[in-house]
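Novice: Take this structure, written in structure tokens, and hold onto it; I'll ask about it next.
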Amino acid sequence: MPETTKETAAGATAVQERFEPRIVAFFCNWCTYLAADLAGTTRLKYAPNVRVVRVMCSGRIDPQFVLEAFAKGADGVLIGGCHPGDCHYESGNYKQLRRYSLLHRMLMELGIEKDRFRLEWISASEAEPLKTVVNDMVEKVRELGPLNLVIPSERVPEHAEEALVP
């Protein structure tokens, strides 16, 4: 009996220690968001670690949104948009592709691993690929572990008040 209790306690500890990543997903209203909706209505199961932010177009996603998501505790950021050439606004996904390339390089310079930031083209009818992408990203981020960003607090330099007084 005591061994069973020990095993149960060890199992409970292992479950508590399992890292569950928090992923912020920005999904285009016209394609990827509808794919997520289709996945829900067809009862496809994917990891519940994703918090979806619905945007009108992937081109609308400002790099500031991604940086703020990481700064506020996201372990990964996923952007989903229409396939190139299918954008409801004609060129929003191309705009996002350019931003993604620049932001991806910047995040690498900041020490954020490349698997924590991802851009995918998923149309409204592609519920199964959406499930695959979400599950794959959750597993990759889980393997990387929590993102431990150290954000410096704003620090007022010594004698700053004296310098501001005319």
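Novice: Looking at the structure I just gave you, is Ser58 open to solvent by less than 60 Å² (accessible area, probe 1.4 Å), closer than 20 Å to Leu130 by Cα and among the hydroxyl-bearing types (Ser, Thr, Tyr)?
Specialist: So Ser58 passes the test.
Novice: Which condition number in (1) open to solvent by 60 Å² or more (accessible area, probe 1.4 Å); (2) over 13 Å from the mean Cα position of the chain (by Cα) is the one that Val52 fails?
Specialist: (2)
Novice: Continuing with this model, one more query. Can you tell me which condition Asn148 does not meet? The list is (1) modelled with pLDDT of 95 or more; (2) open to solvent by 100 Å² or more (accessible area, probe 1.4 Å), and all the others hold.
Specialist: Going through the list (1) modelled with pLDDT of 95 or more; (2) open to solvent by 100 Å² or more (accessible area, probe 1.4 Å), Asn148 breaks only (1).
Novice: Only one residue in Ser125, Ser58 is polar (S, T, N, Q) and within 12 Å of Ala25 (Cβ to Cβ), so which one is that? Even if it seems obvious, please write down each step before you answer.
Specialist: Working: Ser125 fails: within 12 Å of Ala25 (Cβ to Cβ).
Result: Ser58 is the single residue among Ser125, Ser58 that is polar (S, T, N, Q) and within 12 Å of Ala25 (Cβ to Cβ).
Listed here are the residues, each with its yes/no results for (1) buried (at least 19 other Cβ atoms within 10 Å of the Cβ); (2) at pLDDT 95 or above.
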{"position": "Met1", "(1), (2)": "no, no"}
{"position": "Ala25", "(1), (2)": "yes, yes"}
{"position": "Glu90", "(1), (2)": "no, no"}
{"position": "Ser101", "(1), (2)": "no, yes"}
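Novice: Taking region 108-120 on its own, how many of its residues are touching a residue at least 24 places away in the same chain (Cβ under 8 Å) and either over 24 Å from Glu143 (Cα atoms) or among the basic types (Lys, Arg) (or both)?
Specialist: Of all residues in region 108-120, those touching a residue at least 24 places away in the same chain (Cβ under 8 Å) come to 112-113, 115-120.
Those still in the list that are either over 24 Å from Glu143 (Cα atoms) or among the basic types (Lys, Arg) (or both) too: 116, 118.
Summing the residues that are touching a residue at least 24 places away in the same chain (Cβ under 8 Å) and either over 24 Å from Glu143 (Cα atoms) or among the basic types (Lys, Arg) (or both) in region 108-120 gives 2.
Novice: In the list Asp86, Asp115, Asp75, which residue meets the criterion of being among the acidic types (Asp, Glu), surrounded by fewer than 17 Cβ atoms within 10 Å (Cβ to Cβ) and either within 27 Å of Glu20 (Cβ to Cβ) or at pLDDT 95 or above (or both)? Break it down stepwise before answering.
Specialist: Details: Asp86 fails: either within 27 Å of Glu20 (Cβ to Cβ) or at pLDDT 95 or above (or both); Asp75 fails: surrounded by fewer than 17 Cβ atoms within 10 Å (Cβ to Cβ).
Being among the acidic types (Asp, Glu), surrounded by fewer than 17 Cβ atoms within 10 Å (Cβ to Cβ) and either within 27 Å of Glu20 (Cβ to Cβ) or at pLDDT 95 or above (or both) holds for just one of Asp86, Asp115, Asp75, which is Asp115.
The values are calculated or read from the model by the stated rules, or taken from the named source; none is laboratory data. Not measured: the values here are computed from a predicted model. Using ideal geometry, Cβ is built from the backbone for each residue, glycine included, and neighbour counts are taken over all protein chains shown. The area values use the complete protein model at the heavy-atom level, side chains included, leaving out ligands, DNA and RNA. Shrake-Rupley method; radii C 1.70, N 1.55, O 1.52, S 1.80 Å.
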